[in-house]
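Only one structure is covered here, and it is reproduced in the block below.
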Amino acid sequence: MKTIGLIGAGHIGSQLARLAVKNGYDVVISNSRGPETLADLIGELGPRARAATPDEAAKAGDIVVVTIPLKNVGDVPVAPLAGKIVIDTNNYYPQRDGHIPELDNESTTTAELLQAHLPASKVVKAFNHIYAAQLTTDGKPAGSKDRRALVIAGDDAGAKATVTALLDQFGFDTVDAGPLKEGWRIQRDTPGYGPRRTAEELRKDLAAARRYADH
Ligand SMILES: NC(=O)c1ccc[n+]([C@@H]2O[C@H](COP(=O)([O-])OP(=O)(O)OC[C@H]3O[C@@H](n4cnc5c(N)ncnc54)[C@H](OP(=O)(O)O)[C@@H]3O)[C@@H](O)[C@H]2O)c1
């Protein structure tokens, strides 16, 4: 695995690009307005990074991160992502995304929506409950005391193992919440959403999470 594709170059996308470059990956990053609008970021990231369209980023990435407002996931290119691991960082904010009934009634989860859009991809939920700025400040080497942990969820064990290894490289322990449908345990307004947590603390947070209807 050599290249990380990014669809979305905002708070999270740019931070993940920084982490990827720092850890020796090539990065192909895209947004909605076009590659020319990413010149400053590419200048900062250096020769390992290039700007592209979402379609090109999807084609180029060995792993591809989708990190855009949830309301736009229907725009994500489908064919070039077939067979690939796709990391989903997205959260649901009705004020920003409009109301999505199946998320309001919790009959599905944000990552399952992306998986339904990308049926031939292996979607793994990750990086959705850490503030963007902390991605480059909170990582520590494996084995460090009180190392911060991040949750993943996904339906493909191999894809989850790959993402766990990536998180470890980026400086974080991983807590596996289970299949994508368990991703609700780390959605907006759950105990683990936002605060800095070790793996042990995060497991307790996942167990303590409640459905919106039970709040
Ligand atoms: N900010 C955080 O701390 C944080 C933490 C965890 C998770 N998240 C979640 O992660 C996702 C990204 O958050 P963010 O804060 O990075 O958002 P952001 O700063 O608003 O950036 C969004 C990025 O997505 C791009 N984009 C929008 N629509 C697109 C489309 N149809 N195709 C390609 N690119 C598109 C935007 O490009 P243009 O600017 O060209 O439109 C922009 O680069 C959201 O779902 C958010 O809820 C955010």
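For the range 172-199, name all the residues that are on the phi > 0 side of the Ramachandran plot and touching a helix residue (DSSP H, G or I) at 6+ places or on another chain (Cβ under 8 Å). Within the range 172-199, just 189 meets the criteria. Only one entry of 38, 70, 19, 45 meets the criterion of being buried (at least 17 other Cβ atoms within 10 Å of the Cβ) and either among the basic types (Lys, Arg) or touching a Leu at 6+ places or on another chain (Cβ under 7 Å) (or both), and that entry is 19.
Only a single item in (1) open to solvent by less than 10 Å² (accessible area, probe 1.4 Å); (2) more than 14 Å from the ligand (Cβ to nearest atom); (3) more than 24 Å from residue 21 (Cβ to Cβ) is not met by residue 145, and it is number (1). Yes or no: the range 53-67 includes at least one residue that is within 9 Å of the ligand (Cβ to nearest atom), aliphatic (A, V, I, L, M) and part of a strand (DSSP E or B). Yes, the conditions are met somewhere in the range 53-67.
Name the residue, out of 32, 14, that is of a type in the set (Ser, Thr, Tyr), within 13 Å of the ligand (Cβ to nearest atom) and over 15 Å from residue 136 (Cα atoms). The conditions single out 32. Could you tell me which of the residues 89, 67, 53, 37 is out of contact with any helix residue (DSSP H, G or I) (no Cβ under 8 Å at 6 or more places or on another chain) and among the hydroxyl-bearing types (Ser, Thr, Tyr)? Unique residue meeting the criteria: 37.
Do we have any residue at all in the range 109-127 that's exposed (fewer than 15 other Cβ atoms within 10 Å of the Cβ) and within 15 Å of the chain's Cα centre (by Cα)? No; the residues of the range 109-127 include none that is exposed (fewer than 15 other Cβ atoms within 10 Å of the Cβ) and within 15 Å of the chain's Cα centre (by Cα). Taking the range 183-208 as the range and being in contact (Cβ under 8 Å) with a residue 60 or more places away in the chain and either closer than 19 Å to residue 123 by Cα or open to solvent by 20 Å² or more (accessible area, probe 1.4 Å) (or both) as the test, the residues that pass are 183, 184, 186, 187, 188, 193, 196. Evaluation of residue 153 against the conditions (1) assigned to a helix (DSSP H, G or I); (2) open to solvent by less than 30 Å² (accessible area, probe 1.4 Å); (3) of a type in the set (Gly, Ala, Ser) shows that the sole unmet condition is (1).
The values are calculated or read from the model by the stated rules, or taken from the named source; none is laboratory data. Values in this document were obtained by computation on a predicted structure and should not be read as measured data. Note that each Cβ is placed from the backbone with ideal geometry, even for glycine, and that neighbours are counted across all protein chains shown. Please note that ligands, DNA and RNA were not included when accessible areas were found on the heavy atoms of the full protein model with its side chains. Shrake-Rupley method; radii C 1.70, N 1.55, O 1.52, S 1.80 Å.
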